[in-house]
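Student: I'd like to ask you about the structure that follows.
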Amino acid sequence: MNAGSTAERVHEALRAQIMSREFRPGDRLDPALLAAPLASSVTPVRDALHRLTGEGLVETRTAGGFHVPAMDEPGLEDLYDWSAELLLLAIRAWPGPATPPPLGDIPDDAALANRTAAMFLAIARHSANREHALAVDRLNARLHAVRTVEEHVLDGAGAELEALWLAVRTAERKDLKTLCRSYHRRRRRAAADIVRAVYRAG
């Protein structure tokens, strides 16, 4: 296996582990300890952690080392606000006349977090501005761990997502904007409970 394929494999493995909450917020990520389980030397692991730092999934601290970013209520509120702003910008940039974005093949039994990410990315990819999709894709990764616990905190999260899917499928921009704002406001109000759920589930 060449260095390039090893680096990509290690990056994807660590990314998946962080997104699936195999590490708790605030956990230290030691390249030397992570290398063996990933069947890698330390250098590709360190390179992957630097790359994940650029993606917002890992942070470095002044005391040294890599860590999973800690999570608090104000920070999560900011992420929800940014998600709402990005999606509203993307919807405004949809080409006319109104046509629904291609949604791809998402199984009905897919996890709620995966279905949410797929829908938001479809909304962003339908924008005339390609930067919207890049930004939403990165934000999806940062919010994935949070979305895995939302349905345990918020009643009716599945039905809420189905209403959004319907608005996307029918390209009802006004309804979609309204539902998008409501979706994010609801989570913003529950941010403290969601943060607690993430730490309990870790």
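Student: Determine whether Glu77 is acidic (Asp, Glu) and at pLDDT 95 or above.
Tutor: On the way: acidic (Asp, Glu): yes; at pLDDT 95 or above: yes.
Answer is yes for this residue.
Student: I'd like the full set of residues that are farther than 19 Å from Gly75 by Cα, open to solvent by 10 Å² or more (accessible area, probe 1.4 Å) and not polar (S, T, N, Q), limited to the stretch 172-194.
Tutor: The answer is Glu172, Arg173, Lys174, Asp175, Lys177, Leu179.
Student: May I pose another question? So which residues in the stretch 138-166 are small (Gly, Ala, Ser) and within 21 Å of Gln17 (Cα to Cα), if there are any at all?
Tutor: Filtering the stretch 138-166 for residues small (Gly, Ala, Ser) gives 141, 145, 156-159, 163.
Those that are small (Gly, Ala, Ser) and within 21 Å of Gln17 (Cα to Cα): Ala141, Ala145.
Student: Restricted to the stretch 107-160, and to residues that are of a type in the set (Ser, Thr, Tyr) and within 15 Å of Leu87 (Cβ to Cβ), which residue is surrounded by the most Cβ atoms within 10 Å (Cβ to Cβ)?
Tutor: First, pick out the residues of the stretch 107-160 that are of a type in the set (Ser, Thr, Tyr): 116, 127, 148.
When the remaining residues are screened for being within 15 Å of Leu87 (Cβ to Cβ), the result is 116, 127.
Numbers: Thr116: 24, Ser127: 21.
Top of the filtered list is Thr116.
Student: Is there a residue being modelled with pLDDT under 95, assigned to a helix (DSSP H, G or I), under 18 Å from Leu89 (Cβ atoms) and within 19 Å of the chain's Cα centre (by Cα) anywhere in the stretch 145-164?
Tutor: Yes, because at least one residue in the stretch 145-164 is modelled with pLDDT under 95, assigned to a helix (DSSP H, G or I), under 18 Å from Leu89 (Cβ atoms) and within 19 Å of the chain's Cα centre (by Cα).
Student: Looking at this structure, is Ala135 at pLDDT below 90 and of a type in the set (Gly, Ala, Ser)?
Tutor: Details: at pLDDT below 90: no; of a type in the set (Gly, Ala, Ser): yes.
For Ala135, the condition - at pLDDT below 90 and of a type in the set (Gly, Ala, Ser) - is not met.
The values are calculated or read from the model by the stated rules, or taken from the named source; none is laboratory data. Bear in mind the structure is a predicted one, so any value in this text is a computation, not a measurement. So basically every Cβ, Gly included, is an ideal-geometry build from the backbone, and we count neighbours across all protein chains shown. Quick note on the areas: whole protein, heavy atoms, side chains included, nothing else; ligands and nucleic acids left out. Shrake-Rupley method; radii C 1.70, N 1.55, O 1.52, S 1.80 Å.
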